[in-house]
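All remarks here apply to the structure that follows.
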Amino acid sequence: MDERTRRELLAGGLTVGLAGLAGCSSSGGDSGAGTPRATDTPTATPTAPTYDTSLTHDATAWSGYDPEWSAPTTNPEGEYTIKVLVENLDVPWDLSFVGDRLFITERTGRVRMYDSGTVSDIAAPRDAIDAGSVEPGSDDSSWFVKGGEGGTMGVAAHPNYPEPPLVYVYYTAQTGDGIENRLASLDASADDPAAHSEVLLTTPAANIHNGGRIGFGPANYLWVTTGDANDPDSAVDPASLAGKILRVTPDGEPAPDNPGFDAPEVYTMGHRNPQGIDWLPDATPIIDEHGPGPDEVNRLVAGEDYGWPEARRPESYADTDYHRPLASGAVPRTVWAPSGATFHDGDGPLAGRYLVGALAGQQLVAFTLTREGETPPLGETGVRYDADWLDDAYTATSHTLLTDELGRIRHVETGPDGALYAITSNRDGRAGEGFPRERDDVLVRITAA
């Protein structure tokens, strides 16, 4: 792809055909230690253009807004068809559709785009670490590759993309004396998007618990999930951005009606390592987060404390004001290691459910969140979360699907065609037996058989 064609694509001049992605192979990047790529830091930073990033912050104007929605009453267990679209990705982490266009991040330090079978490198964020990876088909395993759990993680295009042509990225950056996580906007129409970037905020980083998912919600604020960066006490420090859910404007300023923590970007606190977020049709934000021990799915309420590190198990919520989870791996004892999620507003038996990619579980977990009325039958894998110690705003029912068919599912996203798209994380050193395969990591399309 010549540079002129690339610029036209990023500015919205070309339309991407997702069907053309089938069979595409992506060559991986370097798999070295957690160090910045040599090309990441230009000798001089050009002046970035000024764009109008203003948006309407009204959830009722959201095209998906449906305050009277109801959850499905069917069992989603069944046969699904998996079509591999792209092979040999290098530890992909997040997806962002803009119409038929697809941005994808790789933890090794890249933002990429896929269109009609062509893999285009868009940017290596400035000072981004190369988190490392194992080779496709490798028998090597390590709880950590050299860059730990950080790297280039969340990605989200501006809701009005390509006007402005801004893509937001959350990534781990090398600093003079350590690392930090950054939320930055990149001008994807520029010849060098990384040079035309702006860091909007920074958060603590560590070898573990970096959170990392970002997304624009129904009211067009940008939400950021942050981990406790291996410092549990920071999750309950109202002045820290670690262990929080943040809500900011497209310019990185605190949302004006945030609840008023010492750090004004904070929406909720007391989180360990949240990696998935999406919204129900009535604009209710739902997240999932890693244990230890019980993993959780939570309904977010502004200003609430979700209990980490004090509360995680049923008895620890007694006589407290900690906000309780909708679903917990405490009872029955379950390990999902939940990651990226989507409320699937597409087609088929998965529609109307909060779908979560599970890493340790190597499966897709479908949560049906029933506000009132009939709940879905349990079938073979179903679990009902209706104990009196849980958040009773919804009754959660989980079903596990695709176990060990794809390996570690890092993220799932609803595509513009109504299908479900998923990426794997089998080259991060933690995959179970049989993974990574020679084709890993992959982008796939999932539909009902």
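Check region 322-329 and report whether any residue there is in contact with a helix residue (DSSP H, G or I) (Cβ under 6 Å, 6 or more places away or on another chain) and within 15 Å of VAL297 (Cβ to Cβ). Yes, region 322-329 has at least one match.
This table checks each residue for (1) touching a helix residue (DSSP H, G or I) at 6+ places or on another chain (Cβ under 9 Å); (2) surrounded by 19 or more Cβ atoms within 10 Å (Cβ to Cβ).
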{"site": "ALA393", "(1), (2)": "no, no"}
{"site": "GLU405", "(1), (2)": "no, no"}
{"site": "ILE409", "(1), (2)": "no, yes"}
{"site": "PRO416", "(1), (2)": "yes, no"}
{"site": "TYR421", "(1), (2)": "yes, yes"}
{"site": "THR424", "(1), (2)": "no, yes"}
{"site": "GLY432", "(1), (2)": "no, no"}
{"site": "PRO436", "(1), (2)": "no, yes"}
{"site": "VAL442", "(1), (2)": "no, yes"}
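Selection of region 254-304 for residues being among the small types (Gly, Ala, Ser) and either open to solvent by 20 Å² or more (accessible area, probe 1.4 Å) or at pLDDT below 95 (or both) yields GLY260, ALA283, GLY291, GLY293, ALA302, GLY303. Taking region 308-343 as the range and being in contact (Cβ under 8 Å) with a residue 60 or more places away in the chain and either buried (at least 24 other Cβ atoms within 10 Å of the Cβ) or in contact with a Lys or Arg (Cβ under 6 Å, 6 or more places away or on another chain) (or both) as the test, the residues that pass are TRP308, TYR317, PRO325, LEU326, ALA327, SER328, PRO338, SER339, GLY340, ALA341, THR342. For region 363-383, the set of residues classified as buried (at least 21 other Cβ atoms within 10 Å of the Cβ) and of a type in the set (Val, Ile, Thr) consists of VAL365, THR368, listed by residue number. Of the strands (runs of 3 or more DSSP E) lying entirely inside region 339-449, those containing at least 3 residues that are touching a Phe, Trp or Tyr at 6+ places or on another chain (Cβ under 9 Å) span 354-358, 363-370, 395-401, 409-414, 420-424, 443-448. Taking the criterion of being within 23 Å of ALA263 (Cβ to Cβ), part of a loop (DSSP other than H, G, I, E, B) and open to solvent by less than 10 Å² (accessible area, probe 1.4 Å), the residues of region 170-216 that qualify are ASN210, GLY211, GLY212, ARG213. Working only within region 96-122, note down all residues that are open to solvent by 10 Å² or more (accessible area, probe 1.4 Å), closer than 11 Å to VAL86 by Cβ and hydrophobic (A, V, I, L, M, F, W, C). Across region 96-122, the qualifying residue is only VAL119. For region 176-193, a residue qualifies if it is within 21 Å of the chain's Cα centre (by Cα), in contact (Cβ under 8 Å) with a residue 60 or more places away in the chain and closer than 29 Å to ILE208 by Cα, and the qualifying residues are ILE179, LEU183, SER185, LEU186. Got at least one residue in region 151-161 being touching an Asp or Glu at 6+ places or on another chain (Cβ under 8 Å) and part of a loop (DSSP other than H, G, I, E, B)? Among the residues of region 151-161, at least one is touching an Asp or Glu at 6+ places or on another chain (Cβ under 8 Å) and part of a loop (DSSP other than H, G, I, E, B), which makes the answer yes. Just one of the numbered conditions (1) over 20 Å from the mean Cα position of the chain (by Cα); (2) open to solvent by 50 Å² or more (accessible area, probe 1.4 Å); (3) within 28 Å of TYR306 (Cα to Cα) is not true of ALA360: (1).
The values are calculated or read from the model by the stated rules, or taken from the named source; none is laboratory data. Note that the structure is predicted; figures quoted are calculated from it, not measured. Positions of Cβ are generated from backbone atoms using ideal geometry, with glycine treated the same way; all protein chains shown enter the neighbour counts. Just so you know, the surface numbers come from the protein's heavy atoms only, side chains and all, with ligands and any DNA or RNA stripped out. Shrake-Rupley method; radii C 1.70, N 1.55, O 1.52, S 1.80 Å.
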